[in-house]
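Encoded as structure tokens, the structure appears first; notes follow it.
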Amino acid sequence: MTRVDPTHRVLMQRCIEEARLAPVTGDVPVAALVVDSAGVVLASARNEREATGDPTAHAEVLAIRRAAETRGEWRLEGCTLVVTLEPCVMCAGAILAARIPVVVFGAWDEKAGAAGSLVDVLRDRRLNHRVQVIGGVEEPECAAMMRSFFAQARES
């Protein structure tokens, strides 16, 4: 793991604010940002699976799609993806396909994480692209948000 830059904390707080809006549509509170090398936010998104009925509407995938549209190209080289939850295998695949070199995430996902928890797709040496992973940024707040969401879901 790499040392956390103070900018990562600021960006994660922005993601947390966005993630807090997801439960309004019944979606899991996960949000993502794609930031270019100058620190400009190209795109942001939150989970929209329940809102859209699309199983691929994870925050990371939506943010990557929007950033590629903003840039006018699919390669997001030089960008950083910031997300409140460790990416799953599907999202890790999208990150690799977009050639994103850095991923910063908040809470670890021991059941579905593909950046070191369950598997480590992002740094698999057998693949043609590897990602610098910075995990655990604002982890207590990100993890608490997830626990609260699922506790409320179980009560319903």
Determine whether A92 is over 16 Å from S44 (Cα atoms), surrounded by 22 or more Cβ atoms within 10 Å (Cβ to Cβ) and out of contact with any Lys or Arg (no Cβ under 8 Å at 6 or more places or on another chain). yes
Could you look through the stretch 135-156, keep only residues that are in a loop (DSSP other than H, G, I, E, B) and touching a Lys or Arg at 6+ places or on another chain (Cβ under 9 Å), and pick out the one that is farthest from G113 (Cα to Cα)? E138
Selection from the stretch 61-85 of residues open to solvent by 10 Å² or more (accessible area, probe 1.4 Å) and under 19 Å from V24 (Cα atoms) yields L62, L85
Within the stretch 35-84, how many residues turn out to be part of a strand (DSSP E or B) and under 13 Å from the mean Cα position of the chain (by Cα)? 10
Of all residues in the stretch 114-134 being of a type in the set (A, V, I, L, M, F, W, C) and in a loop (DSSP other than H, G, I, E, B), which is most open to solvent (accessible area, probe 1.4 Å)? L118
For A143, the lone unmet condition from (1) open to solvent by 40 Å² or more (accessible area, probe 1.4 Å); (2) within 23 Å of E18 (Cβ to Cβ) is (1)
Residue count for the stretch 20-34, restricted to those that are touching a His at 6+ places or on another chain (Cβ under 8 Å) and part of a helix (DSSP H, G or I): 0
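The values are calculated or read from the model by the stated rules, or taken from the named source; none is laboratory data. The shown structure was predicted, so the numbers you read here are calculated from the model rather than taken from an experiment. Every residue, glycine as well, gets a Cβ built from its backbone with ideal geometry; the counts of neighbours run over all protein chains shown. These area figures cover heavy atoms from the full protein model, side chains too; ligands, DNA and RNA do not enter into them. Shrake-Rupley method; radii C 1.70, N 1.55, O 1.52, S 1.80 Å.
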